[in-house]
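Any read-out appearing in this document is the output of simple, stated calculations on the displayed coordinates, not a laboratory observation. Worth saying up front: this structure is predicted, and the values here are computed from it rather than measured. Every residue, glycine as well, gets a Cβ built from its backbone with ideal geometry; the counts of neighbours run over all protein chains shown.
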Ligand SMILES: Cc1cc2nc3c(=O)[nH]c(=O)nc-3n(C[C@H](O)[C@H](O)[C@H](O)COP(=O)(O)O)c2cc1C
């Protein structure tokens, strides 16, 4: 009996000492074609003790230039491409982090399918997006600027609102608490060694930027 008591105490101490055993409050759902959102998801997973669920496309090869064009085609036509898993059980989580590349100024198509197939209720939501065009350069565009710049500012602002509205419209009692957008000058697919080094450098850069955003994300989600 004494041994049982000791074992219980040891187990209790171990569980207290290793908080990562505790059930996670946060689920990160991500899709990544070329690894940047995957990098972001992994950084957030470590920092928030979160669970992670990757969404993959079914029957689509998005690699290389051809994969880029087919993704652009699907984004242009708004095709909700098949995904796996199609259903994700989010019931156990208070918080969701949705991490998506930007395709044609909207969430990547697999995320559209996710929102179409899943009913999400009563969550705090952080949206993390990554794009390769620096939208901040349009921030200070005003009446003094030419029509092209003003068009892009309005166009991009409209797209952002549309992405938020789309997510909100698909969900019940959710609180959209933060949208963090990261910009990285990623290059088109090129299998050369030089490109591989560049990609590693860019992924480190994204990892650094996401790390900097962690306090804000934690605050928005109200987690330690
Ligand atoms: C079809 C397609 C369309 C894209 N359109 C945009 C865009 O409109 N704006 C932007 O900033 N980046 C755009 N990008 C770039 C991606 O958002 C960027 O490379 C992102 O980091 C990729 O994330 P991933 O590596 O997780 O797939 C596009 C990429 C693809 C494949």
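Take each peptide in 102-110, 202-210, 134-142, count the other Cβ atoms within 10 Å of every residue, and average; sorted highest first, the result is 102-110, 202-210, 134-142.
Between helix 64-77 and the chain there is an angle of about 80 degrees, using the helix long axis and the longest principal axis of the Cα atoms.
Between 0 and 90 degrees, rounded to the nearest ten: what's the tilt of helix 2-17 against the longest Cα principal axis of the chain? Tilt relative to the chain: about 20 degrees.
With both residues required to sit in the chain, DSSP beta bridges show an antiparallel share near 15%. The GNM of the chain, with springs linking C-alpha atoms under 10 angstrom apart, assigns the highest mean-square fluctuation among 32, 100, 24 to 24. A simple packing score, the average count of other Cβ atoms within 10 Å per residue, orders the peptides 120-126, 213-219 as 120-126, 213-219, with the highest score first. By how many degrees, between 0 and 90 and to the nearest 10, does the Cα long axis of helix 193-221 differ from the longest principal axis of the chain? Here the helix axis deviates by roughly 60 degrees. Comparing 76, 182, 114 in a Gaussian network model of the chain (Cα springs below 10 Å), the most mobile by mean-square fluctuation is 76.
Taking the helices alone, the chain has a mean residue ellipticity at 222 nm of -15500 deg cm²/dmol, built from -39,500 (n - 2.57) per DSSP H run of at least 4 residues and averaged over all its residues.
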